[in-house]
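The values are calculated or read from the model by the stated rules, or taken from the named source; none is laboratory data. Everything numeric in this text was worked out from a predicted model, so none of it was measured. Methodologically, a virtual Cβ is constructed for each residue, glycine included, from the backbone with ideal geometry; neighbour enumeration extends over all protein chains shown. Surface areas here come from the heavy atoms of the whole protein model, side chains and all, with no ligands, DNA or RNA. Shrake-Rupley method; radii C 1.70, N 1.55, O 1.52, S 1.80 Å.
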Amino acid sequence: QVRPVESGGGLVQAGGSLRLSCVVSRSAFSILTMGWHRQAPGKQRELVASVTSSGNTRYADSVKGLFTISRDNAKNTVYLQMNSLKPEDTAAYYCNTPQSSIRWGQGTQVTVSS
C-alpha cells in the first residue's frame with residue numbers, strides 16, 4: 001500500500017512561515033478528503049486541517065486563521081501553508097485522511113524556536 005511522502009519541514013523562528021507538501025501516489029487521491037495531522041513529543045496525534053475533494057476546508061481552533069490547507073489533484077498533492085508559527089506548533093506533521101484510512105508516511109518535522 002502506498003505511503004504519503006511529506007516534505008517541507010524545518011527549523012524556523014517564532015513568527016516565521018513554512019509550506020508543507022504531501023504527495024499521495026494513488027489513483028483515488030482526487031476523491032479523498034485529505035488532512036494534515038501533527039504529533040508533538042509526549043502528545044497524541046491531532047488533526048489540524050482537512051480539505052475535501054471539492055476544496056472545502058476545516059481547521060482546528062488552534063490553527064484557524066494561521067494555517068491554510070490546499071490541494072492540487074493534478075499533482076496528487078496536498079499543501080499546508082503555516083504562518084505566524086509558534087513554539088507550540090513544534091511537531092512531526094503527517095498527511096492522511098481525517099479517519100487515518102491510509103498508511104502513515106514518515107512525516108516531516110517542524111521545529112519552531114522562541
Query raised in the report: Taking a point 7 angstrom from the Cα of W104 along the C-beta vector, which residues in the range 61-83 have backbone N less than 17 Å away?
Result: none
Report summary line: Long-range amide H partners of R71, meaning residues 5 or more apart or on another chain whose placed amide H is closer than 5 Å, are Y79
Query raised in the report: Residue-wise, which Karplus ³J(HN,Hα) couplings in Hz belong to the range 23-31, taking 6.51 cos²θ - 1.76 cosθ + 1.60, θ = phi - 60°, and x for glycine or proline?
Result: 9, 10, 8, 9, 5, 8, 3, 5, 9
Report summary line: Counting only protein heavy atoms and rolling a 1.4 Å probe, one gets per residue an accessible area for the range 3-114 in Å² of 52
**Report entry** Amide H within-cut-off set for S53, under 5 Å, with H built and near neighbours excluded
**Finding:** T33
Report summary line: The extension gain from Q39 to L66, computed as 0.36 nm times the residue separation minus the Cα-Cα distance, is 7.9 nm
Query - Nearest-20 debye value, the range 48-114 charge dipole, Cβ charges on Lys, Arg, Asp, Glu - result: 180
**Report entry** Karplus (6.51, -1.76, 1.60) ³J(HN,Hα), θ = phi - 60°, over the range 103-114, in Hz, Gly and Pro reported as x
**Finding:** 5, 6, x, 6, x, 9, 7, 10, 10, 10, 8, 8
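By per-residue mean of other Cβ atoms within 10 Å, what is the highest-first order of 48-57, 75-84?
75-84, 48-57
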Query raised in the report: Sorted by packing (mean other beta-carbon atoms within 10 Å per residue), highest first, where do 91-102, 62-73 land?
Result: 91-102, 62-73
